[in-house]
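Visitor: Please see the structure below; I have some questions.
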2 protein chains.
Amino acid sequence: MVLDGVRALVFDVFGTVVDWRSGVAREAEPFLKRHGAGTAIPTAFADTWRSRYSPAMEEVRSGRRPFTRLDVLHRENLEAVLPEFGIDPASVPVSELDELNLAWHRLEPWPDVVAGLTRLKARYIIAPLSNGNIVLMLNMAKRSGIPWDAILGAEVVRAYKPMPEAYLRTADVLAMKPDEICLVAAHNGDLAAARACGLRTAFVPRPTEHGLAQTTDLHPAQAWDLVASDFIDLAERLQL
Amino acid sequence: MVLDGVRALVFDVFGTVVDWRSGVAREAEPFLKRHGAGTAIPTAFADTWRSRYSPAMEEVRSGRRPFTRLDVLHRENLEAVLPEFGIDPASVPVSELDELNLAWHRLEPWPDVVAGLTRLKARYIIAPLSNGNIVLMLNMAKRSGIPWDAILGAEVVRAYKPMPEAYLRTADVLAMKPDEICLVAAHNGDLAAARACGLRTAFVPRPTEHGLAQTTDLHPAQAWDLVASDFIDLAERLQL
């Protein structure tokens, strides 16, 4: 059977489990209006904020900065991005910036996620393996009823994907061999890094993660162990 | 209201959530018989194994040893304890020792736990704050249906209770002030250490954790914020 010997499914979250772009845009819209940037496109704001995500983590991955949780990086990136939309961060009350930063804690899962994970949980340990920090994942899950067995990821292992340590230390925490774990992700790059560490791989494309004009990660870039159209399809392919 | 402002309940596990003594004794009994120690009392074996728990952690707490997860300490302690029962660990297949070590992953919750936690989860973030490592807590929870929102504890913060770091770093991970968190424990010492760090405290005595002749932790040693007879009573006192 496909994924034979796998005991844990670990999931990329931003894009794979939740629709970060719509969620951030939804919360940014009233904020932008309130601060004189009402003509800005909220999804463009979400994209611009998100564009600083990987460079910020790269400071940590490169060793130039000690491990710093994503909530802190998001908050710094928010202040860096506001001037691009004509907003002086010093003019905004700190509590409002803090609150907008929590938009990442309130992202909504794609419609198939909770039903699919509930079925997958019957046979597998299910946990996020996200670069998001623990309380971010926890708040998101509690709000939407995502039934994780544990919150794993970058903060637990103090390494950001796609560093090998993020995958290998997670296997160590689970006391499993890498090939007893399958990463489920909408991103070919994440799956390639996991495969290089010996994990199994399942690709679930999210063709509107970046909006209707998305051109990346629409198709599997390698022969992943499994390809499914969503989490319900994933459960069905695993006969759950 | 009692525990006003509290957003997360964190739980001691060994003794408070699960009956470690009966669980370890149940799995030790056939093992002892198989290895020529059939006259040994299984609960005495559990007590002896457990008696090495705190000294082993003390090596880590004192800084003499880097952080080492509890599964590893339990496994070392098992080999140290077998000769006291007339068993040469070198005479036992490694796979059998590994399997007996997993008895800690299969401990059963006290009968009120799952029902009580399910009610408490409706209002609070609920998570273990145990010295047990992540996969130990995860396997235990999955097997018994303990509905944790996340697995916190010593391995996440790389500090063993009752070191202040175990409580304070957990508050940091949760992005909460210490007094937004309440420790639920059957042990006055654990509660005292948590209170010294600013956490709120709830005492739930487990008068048979150490057997029918137990003399310790039968009563609250301080005026804890809350005292409840079990987790269902705790939920009721919190009007859940």
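The values are calculated or read from the model by the stated rules, or taken from the named source; none is laboratory data. In this text the structure is predicted, and so the values were computed from the model without any measurement. Counting neighbours? That spans all protein chains shown, and the Cβs are built from the backbone with ideal geometry, glycine included. What goes into the accessible areas is simple: the full protein's heavy atoms, side chains included, and nothing from ligands, DNA or RNA. Shrake-Rupley method; radii C 1.70, N 1.55, O 1.52, S 1.80 Å.
Visitor: Need one word for the range B:154-240: rounded, prolate or oblate. Basis is the Cα gyration tensor (sqrt eigenvalues a ≥ b ≥ c); a/c below 1.5 gives rounded, then a/b vs b/c decides.
Guide: Oblate is the answer for the range B:154-240, as a/c is 1.5 or above yet b/c matches or exceeds a/b.
Visitor: Taking 45 Å as R0, compute the FRET efficiency from the Cβ-Cβ separation of residue B:214 and residue B:90 and round it to 0.05.
Guide: Working: r = 35 Å, r/R0 = 0.78.
E(calc), rounded to 0.05, equals 0.80.
Visitor: Further question: Shape of chain A from its Cα gyration tensor (a ≥ b ≥ c, root eigenvalues): rounded if a/c is under 1.5, otherwise prolate when a/b > b/c, or oblate? Mind dumping the intermediate values first?
Guide: Working: a/c = 1.99, a/b = 1.64, b/c = 1.22.
It comes out prolate by the Cα gyration axes.
Visitor: Give the long-range amide H neighbours of residue A:11: residues separated by 5 or more places, or on another chain, with amide H under 5 Å away, using H modelled in the peptide plane at 1.01 Å from N.
Guide: For residue A:11, the qualifying residues are A:127, A:129, A:184.
Visitor: How many Å² of accessible area per residue for the range B:34-100, probe 1.4 Å?
Guide: Numbers: 3300 Å² over 67 residues.
That works out to 49 Å² for each residue.
Visitor: Follow-up question, since we're still on this one. Per residue of the range B:182-189, in order, report the coupling 6.51 cos²θ - 1.76 cosθ + 1.60 (Karplus, θ = phi - 60°) as ³J(HN,Hα) in whole Hz, putting x for Gly and Pro.
Guide: 10, 8, 10, 8, 8, 10, 4, x
Visitor: Quick one: buried accessible area between B and A, total over both chains, 1.4 angstrom probe, nearest 100 Å²? Before the final figure, lay out each step's value.
Guide: Numbers: alone 10210 and 10220 Å², together 18740 Å².
The contact between A and B buries close to 1700 Å².
Visitor: What's the local net charge at residue B:43, with K and R +1, D and E -1, over the other residues with C-beta under 13 Å away?
Guide: -2
Visitor: Then there's this: With +1 on each Lys and Arg Cβ and -1 on each Asp and Glu Cβ, how big is the dipole of the protein assembly as shown about its Cα centre, in debye rounded to the nearest 20? List each step's numbers first, then the result.
Guide: Working: 52 positive and 62 negative charges, 12 e Å.
About 60 debye.
Visitor: Using θ = phi - 60° and the Karplus relation 6.51 cos²θ - 1.76 cosθ + 1.60, list the HN-Hα couplings for the range B:148-164 in order, rounded to whole Hz, with x at every Gly or Pro.
Guide: So the Karplus estimates, Gly and Pro as x, are 3, 7, 7, 9, 9, x, 4, 5, 5, 9, 6, 7, 8, 4, x, 4, x Hz.
Visitor: Follow-up question, since we're still on this one. Using a Cα-Cα cut-off of under 28 Å, which lysines could be cross-linked to residue B:142, ignoring same-chain neighbours fewer than 8 residues away?
Guide: Within the straight-line cut-off, residue B:142 pairs with A:121, A:142, A:161, A:177, B:121, B:161.
Visitor: Right, next: Residues of the range A:146-161 with accessible area at least 50 Å² lower in the all-protein-chain context than alone (1.4 Å probe)?
Guide: SASA drop of 50 Å² or more in the range A:146-161: A:149.
Visitor: Related question: If you count, for every residue in A:233-239, the Cβ atoms of partner chains within 10 Å of its Cβ, what is the mean?
Guide: 0
Visitor: Next question, about the same structure. So what's the gap between the Cα centers of the range B:181-239 and the range A:1-34, to the nearest angstrom?
Guide: Each part's Cα centre sits 38 Å from the other's.
Visitor: Note down the nm distance, to one decimal, between modelled labels 7 Å out along Cα→Cβ at residue A:236 and at residue B:119.
Guide: Those two pseudo-labels are separated by 4.1 nm.
Visitor: Return the carbon/sulfur percentage of the accessible area of chain B, one whole number, probe 1.4 Å, all protein chains in place.
Guide: 54
Visitor: Counting partner chain Cβ atoms within 10 Å of every residue's Cβ in B:133-144, what's the average?
Guide: Whole-number average of other-chain Cβ neighbours for B:133-144 is 4.
Visitor: Compare the Cα positions of B:97, B:211, B:39 along the charge dipole of chain B (+1 at Cβ of Lys, Arg; -1 at Cβ of Asp, Glu; about the Cα centre) and return the one farthest towards the positive end.
Guide: Projecting each Cα onto the dipole axis, the largest value belongs to B:97.
Visitor: While we're looking at this one, here's another question. Keeping every protein chain present and rolling a 1.4 Å probe, give me the accessible area per residue for the range B:103-240 in Å².
Guide: Here the per-residue accessible area is 36 Å².
Visitor: Per-residue mean of other chain beta-carbon atoms within 10 angstrom of the beta-carbon, peptide B:165-178?
Guide: That average works out to 2.
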